[in-house]
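Q: One structure, as structure tokens, below. Some questions next.
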Protein chains: 2
Amino acid sequence: MNKIDIIIVDDHVLFSQALNGLVSNYDEFNVVTVLNNGKELVDYFSIENKQPKIVLMDIQMPLMNGIEATQWLKDNKPEIKVLALSMEADEDTILKMLRAGAKGYLLKDIHPSVLQHALKEVYASGFYYTENVTNTLLNSIHNKEKPIAIKLKERELEFLKLACTERTYKEIAEVMFLSPKTVDNYREALFEKLGAKTRIGLVLYAIKEKIVIL
Amino acid sequence: MNKIDIIIVDDHVLFSQALNGLVSNYDEFNVVTVLNNGKELVDYFSIENKQPKIVLMDIQMPLMNGIEATQWLKDNKPEIKVLALSMEADEDTILKMLRAGAKGYLLKDIHPSVLQHALKEVYASGFYYTENVTNTLLNSIHNKEKPIAIKLKERELEFLKLACTERTYKEIAEVMFLSPKTVDNYREALFEKLGAKTRIGLVLYAIKEKIVIL
DNA sequence: TTCTAAAAGGGGATATTTCCCCTTTTTATA
DNA sequence: TATAAAAAGGGGAAATATCCCCTTTTAGAA
């Protein structure tokens with residue numbers, strides 16, 4: 001019988017090796033190899049012509065993460081189907097992974113039988129989306145209206161970062177080689193754009209949006 | 001031959017089941033059961049008298065985490081040795097786990113053979129510390145001098161949180177049912193304690209120390 | 001109850017922030 | 001090159017924040 005070839009990519013060796021044993025036990029599947037990160041996957045295809053049907057892909061990995069690796073596969077080996085396998089359940093990660101071309105998204109706390117089912121589905125139907133992922137997708141459509149990511153200019157960003165220090169505006173002006181009055185203009189412009197009423201508001205915004213990291 | 005009984009506690013079912021297969025393949029070990037979190041472990045011992053020699057314990061788990069569960073084992077089943085198995089490599093977590101009584105601390109990106117070796121060591125010697133953990137321990141001794149966690153009084157904390165809003169001090173005084181002058185005293189006291197020169201400094205401190213969450 | 005320290009309140013001065021309305025210089029582009 | 005928009009700079013004033021030094025009230029220990 002012809003087994004379905006699978007490659008596992010995950011930097012947690014203990015997990016990937018254990019998973020290897022698990023999947024190999026299923027009659028339908030054959031684990032071709034286990035790799036540690038996206039980079040190793042790219043390297044693998046540079047010396048190996050035989051292609052797996054499915055790649056079980058972790059996301060958070062060193063050197064080349066799962067999103068980049070999935071994108072690479074979409075661009076270079078579009079026949080191979082990627083099934084994402086991750087701990088991150090946040091909307092942003094899921095969307096990035098799906099946009100990169102993943103055919104499914106599983107969390108690591110699922111039961112092994114779900115994995116088996118998902119693998120079969122991906123092979124047979126070409127995709128497998130859990131309820132979780134479907135909800136996330138629907139959610140993202142609804143929320144597309146609100147976050148009109150405020151665009152800040154280079155100089156405004158620079159000022160904003162300096163505003164998140166104990167410098168006075170006069171000192172900020174010196175650092176930026178500007179007149180205090182010009183700095184005052186930046187301040188006022190940002191108050192308007194970000195809906196702040198005080199400098200504290202600027203600081204809170206900058207930290208919330210990770211413009212400054214503490 | 002008498003195998004060494006092991007219990008696996010981990011909320012990532014896929015991982016724990018895969019690990020089950022892996023460890024069961026080793027001749028020396030026998031996985032008695034696989035549980036999803038600390039709570040299940042406590043429940044397990046309330047109906048089961050047979051004790052495993054080793055518990056492979058995840059840390060981040062719902063209901064009852066690995067640290068609490070390890071502490072419980074130390075208090076109630078001190079003969080059972082806990083080998084921590086986690087993704088978190090930060091000093092704080094490692095120390096908490098060791099203080100709770102763990103006999104070893106492994107990261108999930110180790111090679112299966114290391115796990116096998118660690119299990120054998122824990123059974124034979126009673127403990128197994130990787131270089132990583134040893135370094136962390138040494139490090140923690142060196143750094144014990146600096147973080148003299150600044151103690152803030154209830155009312156100061158309250159003020160500090162309000163200072164991280166766009167309220168003026170006058171408004172803060174109203175919220176706290178205090179005179180603006182008293183609020184000014186709190187401000188000055190915190191400037192002194194936290195080494196701040198401006199209100200921005202207070203905000204940065206509060207966020208850095210997670211006194212306010214954004 | 002007396003004493004003491006912490007909590008609360010205050011006067012008054014100076015520095016900084018915030019605001020509004022304006023001009024000049026630079027940059028991009030039609 | 002004309003022209004509009006963006007960037008930079010400014011005057012002046014009111015509101016806040018910061019600072020220093022002081023008194024009164026409250027709560028708890030002696």
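The values are calculated or read from the model by the stated rules, or taken from the named source; none is laboratory data. Just so you know, these numbers come straight off a predicted model, no measurement behind them. Because the Cβ atoms are built from the backbone with ideal geometry, glycine has one as well, and the counts that use them run over all protein chains shown. When the accessible area is computed, the model is the full protein with side chains, heavy atoms only, and any ligands, DNA or RNA have been set aside. Shrake-Rupley method; radii C 1.70, N 1.55, O 1.52, S 1.80 Å.
Q: Among the candidates B:THR182, B:THR130, single out the residue that is of a type in the set (Ser, Thr, Tyr) and within 13 Å of DNA strand C (Cβ to nearest atom). Don't jump to the end; show me each part of the working.
A: Details: B:THR130 fails: within 13 Å of DNA strand C (Cβ to nearest atom).
The unique qualifying residue is B:THR182.
Q: Across the range A:185-214, what is the number of residues that are in a helix (DSSP H, G or I), more than 9 Å from DNA strand C (Cβ to nearest atom) and within 11 Å of chain B (Cβ to nearest Cβ)?
A: 6
Q: Could you please let me know if A:ILE172 is more than 10 Å from DNA strand C (Cβ to nearest atom), open to solvent by less than 50 Å² (accessible area, probe 1.4 Å) and assigned to a helix (DSSP H, G or I)? Quick ask: steps written out before the conclusion?
A: On the way: more than 10 Å from DNA strand C (Cβ to nearest atom): no; open to solvent by less than 50 Å² (accessible area, probe 1.4 Å): yes; assigned to a helix (DSSP H, G or I): yes.
For A:ILE172, the condition - more than 10 Å from DNA strand C (Cβ to nearest atom), open to solvent by less than 50 Å² (accessible area, probe 1.4 Å) and assigned to a helix (DSSP H, G or I) - is not met.
Q: For A:ILE141, are the conditions met, namely being under 30 Å from A:LEU98 (Cα atoms), away from DNA strand D (no atom under 13 Å from the Cβ) and part of a loop (DSSP other than H, G, I, E, B)? Please lay out each step first, then the result.
A: Details: under 30 Å from A:LEU98 (Cα atoms): yes; away from DNA strand D (no atom under 13 Å from the Cβ): yes; part of a loop (DSSP other than H, G, I, E, B): no.
It is false that A:ILE141 is under 30 Å from A:LEU98 (Cα atoms), away from DNA strand D (no atom under 13 Å from the Cβ) and part of a loop (DSSP other than H, G, I, E, B).
Q: Does the range A:29-36 include one or more residues that are over 14 Å from A:HIS12 (Cβ atoms), of a type in the set (Phe, Trp, Tyr) and not in a strand (DSSP E or B)?
A: So the first thing to find is which residues in the range A:29-36 are over 14 Å from A:HIS12 (Cβ atoms), and the list is A:29-33.
Now narrow it down to the ones that are of a type in the set (Phe, Trp, Tyr): A:29.
Next cut, not in a strand (DSSP E or B) only: none.
Checking the range A:29-36: not a single residue is over 14 Å from A:HIS12 (Cβ atoms), of a type in the set (Phe, Trp, Tyr) and not in a strand (DSSP E or B).
Q: In the range B:17-33, is there at least one residue being under 30 Å from B:ILE141 (Cα atoms) and open to solvent by 70 Å² or more (accessible area, probe 1.4 Å)?
A: First, pick out the residues of the range B:17-33 that are under 30 Å from B:ILE141 (Cα atoms): none.
No; the residues of the range B:17-33 include none that is under 30 Å from B:ILE141 (Cα atoms) and open to solvent by 70 Å² or more (accessible area, probe 1.4 Å).
Each row is one residue, and each column tells you yes or no for (1) modelled with pLDDT of 90 or more; (2) more than 14 Å from the chain's Cα centre (by Cα).
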{"site": "B:LEU41", "(1), (2)": "yes, yes"}
{"site": "B:ASN49", "(1), (2)": "no, yes"}
{"site": "B:LEU56", "(1), (2)": "yes, yes"}
{"site": "B:VAL82", "(1), (2)": "yes, yes"}
{"site": "B:MET87", "(1), (2)": "no, no"}
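Q: For the range A:175-213, give me each residue that is more than 13 Å from DNA strand D (Cβ to nearest atom), hydrophobic (A, V, I, L, M, F, W, C) and surrounded by fewer than 13 Cβ atoms within 10 Å (Cβ to Cβ).
A: Answer for the range A:175-213, where residues must be more than 13 Å from DNA strand D (Cβ to nearest atom), hydrophobic (A, V, I, L, M, F, W, C) and surrounded by fewer than 13 Cβ atoms within 10 Å (Cβ to Cβ): just A:ILE213.
Q: Do we have any residue at all in the range A:171-178 that's within 14 Å of chain B (Cβ to nearest Cβ) and within 30 Å of A:MET97 (Cα to Cα)?
A: We begin by selecting, within the range A:171-178, every residue within 14 Å of chain B (Cβ to nearest Cβ); these are A:171-172.
Remaining after also requiring within 30 Å of A:MET97 (Cα to Cα): none.
No: zero hits.
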